[in-house]
Structures are given as C-alpha cells and as structure tokens.
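Chemist: I have a structure I would like to understand better, so I am pasting it below and will then ask my questions one at a time.
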Amino acid sequence: MPASAPTLLDPGLILRQRFAAAALRAFPGVDLPDPIITLSQSPKFGDYQCNSAMPYSKLLSKPPRQVAEALVAAVDIADIAEPLTPASIAGPGFINITLSHTAVASLLAQLDTPDLGLPIDPDAPVTVVDLCGVNLAKQMHIGHLRSTVIGDTLARVLERTIGPAKVKRQNHVGDWGLPIAMVTARLIDLENAQQIDLAKLTLDDLDAIYKQAKQQCQADEEGLQTARAWGMGPKIEAELEAANAEPLAHLARAKSTLVALQSGDPDVRRVWKRIFDTTMAACLATCARLNASISQAHTAGESSYENKLAPLVARLEQSGVAELGSGALIIKLDDMGIPEPCLIRKSDGGYLYATTDLAAIMHRTSSVATGGLGASRVVYCVDARQSLHFRQVFAAARKAGLVAPNISLEHAAFGTILGEDNKPFKSRSGDSVKLGDVIDEVVAAALSQLRARPRAQEMTEPEMAHIAQGVALAAIRYTDLSTERIKDYVFSIARMVSFEGQTGPYLLYALARVCSILRNAQGQGLLTDSPTAGPIAVAHPAEKALALVLLRYPQVVRDVDRTLEPSRLCALLYELAGAFARFFEACPVLKAEDDGTRNARLRLCQLTRRVLTDGLGLLGIPAIERM
RNA sequence: GUCCCGGUAGCUCAGUUGGAUAGAGCAGCCGCCUUCUAAGCGGCAGGUCGCGCGUUCGAAUCGCGCCCGGGACGCCA
C-alpha cells in the first residue's frame, strides 16, 4: 500500500470506511460485504444514507432494525456528521446521515489544492487510447466525431489520473487497404494524363477521386452470380460479363497497385505519401477545431504494421494457434465462447484488419525496450458495430499468448449518430456529412442564438464570433459525451445550441457567472493577494448543497477512468452548474451580510470556478469567462 | 437462424452495489429581473419503468421466457 494514497474527500467513501469499521466492531468475526452508502434522495433523509442493515440482517439472522441500531452504536462519525439518534433509523432500517457544516468546510479546504484531490497514481499502468481512426483520401465525416471526441476525453481524463506521460493516443489510420490502392492507381492515371497537379492536391479532390475510383471498380458480380445460378441464359450472362469487364480491369489494376505499394515501388509510394500527407493535414485541422489533442505524433497507421504481419502470422501458424479453414488461416475461438473464428489471412494470401489489429496489440503492449509502447491497458474508442471484431481480436490475442494475462484490453464502444429522421446521419443525397461542415453549421447556429440575446449589444462582433466558437464546441462535445456511450443519439443542432437545460452552453454560462462575481470582487479589491487565506465556511443550505457536489468531483473523475464513461462527469458537472445557479440565486456574495460570509462565499466561488474549469477541460471544452 | 445492444413522462435522457414517494431537461401552464450575467431560479402538470413469470423483506435494476427497434455474423476495413 503506497504511503501516498489519495486523501479521502468523498463523503460517501469516508462513510463507507467508517461503517465498514463499525460492522467489524458490531459483528466481529462475520465477513460482511462492503457497506452500501448512497446519496439521500430527499433532504429529509439527510445527505447520505447507509442501506446495509437490511442485507446484513439476512446474513446475521437478526432483525434489520436491530442491526441498524448496532451499526449506529458502533459507528464513529462524530467528526464528520451530526450525531446519530434513534430517529436516524428510518423505514426498515435505513440510517440517515447529515454531514456537519464544519466537516464539509474542512473537506472543501482539503479539496482546494492544486490537484483538486486528484493526485497522479504512480502505480497506474501505461494506457493506450485508440481514437479518431480516419481513413486516407476521405474527409473526416460525422462517423469520426464520436471516436475523436470520446477518445480525446478519455485520454484527457487518464492524463489527469495517471499522468500525461503514461497516456499514449494512437490514431489507427486506415491507410493501407485495397481502397487506398484504388485511389492511388486512379491518381497515378490522372497525373500521367496531366489532369491533376499533385502539388496542389486537396482532400476535397481526393474525396472525389475516391468516389470515382470506387465506382470504377464496382462490378456487378452479384448480378452475374444470380444469372448463373438461375440459368438466365448465356446472352444475359454475356451481357453482364461484358459490363463487368471494365470494373474488373480496374480492380485488377488496383490490386497490382496494392502489391506495388506493399513492395515499396518508389513511384507508387510517392503518390501514396502525397495522399497521406494531404489527408492527415486536413484531418488534424478538423481535430483541432474539435479541440481534440491529436497530432502527427499520435498517428500510427495500418501501414506502420506492414512488415510485422507476415512474421506474426507465421508465428501463429507454427505455434498451431492458427489453422487452415477453407483456404483461409483462422484462429478458432469457440473454446473461448466465440463461435465465429478470427480470420488472419485470406485464401489469396492477403491479410485482414484483424491481422493488423493483432500486430497493433503487440506493438502497444510490448515493452519500451523492444520498441513497443509498454501499455498494460489498451482502450479502443471504436463504434459498437465492431464489438464482435474486438471480442475476436482480444480473444485471439489471449489465446495466442500475445498479451500477458494482466493486460487489459477494453472496447469503449459507442452508438451511432442519427439524423432527425432517426436513421444514421446522412446528407440529403445519402452521402456522409463532412465533419467540418457540421461544425460550421453549429457555429452559425450558435452565433444566431447569440445575436438574439439582449446582452448582444454589449459585445463586439469579434467577441461574439469568439464566443460562438466556444459555445458551438461545448454544444457538440457535451452532446456527444453526455449520454451513455453505447446509446445512439439524434444529432439535433437546434437542441444542442438551445442554451437551455442540460447542454454544454448551460455549463459555460454557469462558469461565466462565477467568473463575473470574481471579476467584480477583484474590481472592488475584495480578493486578497492570497485568495485561499480566508476561512472556508458552509452555512446556508445552498452553500452546503454546492459543497457536497464539489466534494464528489475527484471520485467521479476516477469513475470515468475505471468505467470509460464520460457521461458520469457530464452529469456531475451539470449538477454542479445547477447547484451553483441555486446558490447564485439564494446567496449574495459581494453583498453578503458580513465580511466573513462574503469571504467564505468568495472561496466557494473560486473553488467552483476551478472545479468547473477543470471538469470542462477534461471534456475538452475550454472555459469562456464572459459570455 | 445465432449472437450483441437498446426499450423509463408527449420528446430527449439520468437512475451507481437491488433500497424509501422512479429523477432531470425540452415542450405546456403559473410565478420571479431598481440587487453579483433571466443562456437563470421557484412552482404546477405529466409514468402499467416494453410484456409476463420468478428470486427477494424490497426489483427500473437480478434470472428465465416473450414482444418491438437497431446492429453484427470466416476471406471488406
């Protein structure tokens, strides 16, 4: 047990410890589960409650109220809560606990440190976060939003809990398959025909060329097979074959380009590199607009595993883990509860994306000394539709002994973004929507909302434009992060920038109001040089309610680390903003009844600002101090 | 067909390890700006937690069966 275990600030955790000790004292020798401590639903039940008397009563064969009485008699919480009395036991045996104001103030003072109760865990494992996952020759589209935003947020949270040095973002760029070869082939043709200048190539060009190339290679093989199967006659078959001739030729050309690319043909490589650079520059710019910290340094494309595939597959084949099935090389997983085998080599000798993923796992988890990333935890921020794929890859990696048993492989799966019609978000023409265009739209919507406000007159155009950017970013990211990852959600620009209720802008607004108070205090010379010097105190119910939300912050951040669910942090910050809004209504700060109250409230404001700023920062939402 | 994920107020969603009267937001209705930003606050109204059976002192939560919606399912990535 490290001596530097974080100070317990969360009242729920403190109470759990105290009640566990009480259970040990009251019922020595009995192995009871951890006490259940929850927030009370209603103020009349106090702040927290212990619900364990009932389950314990069964294990102890004693009436629940008697168990509750024994716990109340044994528990030592005099330093943090109001004294428990027989009236504290309610219903079948709930123990209601009201924290003392002095204890809350003292815990708040302990929270008010540079790390906000979140010291970096020195024993934490190096963690890889697989995120973004763009493809070459394609604009980032709406399908990349969640992987980018959720992945970036999880990485930010981990950077906070385990330290930035141990978090390795990995952008597993799709830069190596047949589709890329198709584009490369097409681009070489266009260049030879002098129809394009590679030096001036843009991603929009590539996007168009990608579609052309795909079209060119689109053979109606299904139709042909149907015609054969149904015996539609040689004439129809011949017609279909003729129609297929051209696509098949293009396909053959793409395949040979892929071979050339993979064997290092300099000219093909040169064109490919141009595609790569053009794509990455544009995508990283879009990531930057989303405030996602994803850079060239995080890029680890499929191509980077290119020369690892053959040795890996050979090893798996030799060890007998992989076997031939209908010509393909497969790893059977039925003994691991997965009926579908994992394919790692096609019957034509080509490798599949599972092969690349296995190579990536090895790179990520092997030691730094051997050129790996040294991770003990790998988090995949990828669409839920790939769940089976990752179950297969993880199981295959374990079965093949590619990763040690203590290494954690986690798929942080997320649902689909839907349009207003409840179907996957697409443009009117059925194409996927470019992410940059979506961001533009949200910024425009935010700006027009902003102009409609009465306060708009007090702002300059550049100020408003700046705020609109921030509001749009908060709207997009908060919307994406605030529901459970696994669920689909409807992308409604109107709702996300509505500025009302549970939205990113509401959180920014709460922060702007805190900042406003502190700014005015500064202006009136009410903030001393050492802002944390004055005593912290909690008296008014709204102050206490605010304090109790603040105290839950560190533990919620750790929860996000553990569960990979940013929505929990979103929920807490929303509660915090609400608690502050009620405090703001009920408790005048600058015009408080006396200096002591005012200073205590100023400290509460300062701490609220810090926690809100910190939490928003973890969500990748920069603070706006005035709006 | 098999497997995975969802189903909670008109709409969008919370609901932690099974706990008290299932909570928010939006939309609707009623109040509150001479006072630190009304993008706010207070209140009213709104629910067979998809259906059934079971386990339990207690089930939105756990188990089994069904219904509805979405998704995945050996040579695409």
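The values are calculated or read from the model by the stated rules, or taken from the named source; none is laboratory data. Source: prediction; values computed, not measured. Glycine gets a Cβ as well: all are built from the backbone with ideal geometry, and neighbour counts include every protein chain shown. To get the accessible areas, we keep the full protein, side chains included, count just its heavy atoms, and leave off ligands, DNA and RNA. Shrake-Rupley method; radii C 1.70, N 1.55, O 1.52, S 1.80 Å.
Chemist: Of all the accessible heavy-atom surface of chain A, with the other protein chains kept in place and a 1.4 Å probe, what percent is carbon and sulfur?
Modeler: Of all accessible area on chain A, carbon and sulfur atoms account for 54 percent.
Chemist: Which far-off residues, 5 or more places away or on another chain, put their amide H under 5 Å from the one on A:G46, with H placed in the peptide plane?
Modeler: The list, which skips near neighbours in sequence, is empty: none.
Chemist: Let me ask you something else. So what is the diffusion coefficient of the stretch A:11-99 in µm² per second by Stokes-Einstein at 37 °C and 0.692 mPa s, using a Kirkwood Rh over Cα pairs?
Modeler: Once the numbers are plugged in, D ends up at 260 µm²/s.
Chemist: Once amide H atoms are placed 1.01 Å from N in the peptide plane, what residues at a sequence separation of 5 or more from A:R485, or on another chain, have their amide H within under 5 Å of its amide H?
Modeler: Those lying under 5 Å, H to H, from A:R485 are A:S567.
Chemist: Mind jotting down a quarter of the surface of the convex hull over the alpha carbons of chain A, in square nanometres, one decimal?
Modeler: 37.4
Chemist: On a 0 to 90° scale, report how tilted helix A:595-618 is relative to the longest principal axis of chain A, with both axes built from alpha carbons and the result rounded to the nearest 10.
Modeler: Taking Cα atoms only, the helix is inclined about 20 degrees.
Chemist: How big is D for the stretch A:15-164, in µm² s⁻¹ as a whole number, if Stokes-Einstein is applied with the Kirkwood radius of its Cα pairs at 25 °C and 0.890 mPa s?
Modeler: Result for D is 130 µm²/s.
Chemist: So which GluC sites (Glu not before Pro) in the stretch A:449-511 end up in coil per DSSP with only 14 or fewer other C-beta atoms within 10 Å?
Modeler: Filter output for the stretch A:449-511: A:E484, A:E500.
Chemist: Can you tell me the accessible area per residue over the stretch A:11-99, all protein chains present, probe 1.4 angstrom, in square angstrom?
Modeler: 51
Chemist: Can you give the angle from 0 to 90° between the axis of helix A:266-289 and the longest principal axis of chain A, with both taken from C-alpha atoms, to the nearest 10?
Modeler: 30
Chemist: Ok, one more. Based on the inverse mean of 1/r over its pairs of different Cα atoms, what is the Kirkwood hydrodynamic radius of the stretch A:411-569, in Å?
Modeler: Roughly 18.7 Å, rounded to one decimal.
Chemist: If you don't mind, another one. At 1.4 Å probe radius, can you tell me the per residue accessible area of the stretch A:315-438 in Å²?
Modeler: Per-residue accessible area for the stretch A:315-438 comes out at 48 Å².
Chemist: Apply the a/c threshold of 1.5 to the C-alpha gyration tensor of the stretch A:6-55 and tell me whether it is rounded, prolate or oblate.
Modeler: Since a/c reaches 1.5 but b/c is at least a/b, the shape of the stretch A:6-55 is classed as oblate.
Chemist: Let me ask you something else. Residues with beta-carbon under 15 Å from that of A:R364, excluding A:R364: net charge, scoring Lys, Arg +1 and Asp, Glu -1?
Modeler: After counting each charged neighbour, the total is +2.
Chemist: For helix A:234-262, report the angle its Cα long axis makes with the longest principal axis of the Cα atoms of chain A; keep it between 0 and 90° and round to the nearest 10°.
Modeler: On a 0 to 90 degree scale, this one is about 70.
Chemist: At 222 nm, what helix-only mean residue ellipticity would chain A give, in deg cm²/dmol to the nearest 500, using -39500 (n - 2.57) for each DSSP H run of four or more?
Modeler: Computed mean residue ellipticity for chain A: -17000 deg cm²/dmol.
Chemist: Counting trypsin sites (Lys or Arg not before Pro) as exposed when in a DSSP loop with at most 10 other beta carbons within 10 Å, what is the longest stretch of chain A free of them?
Modeler: A:1-427
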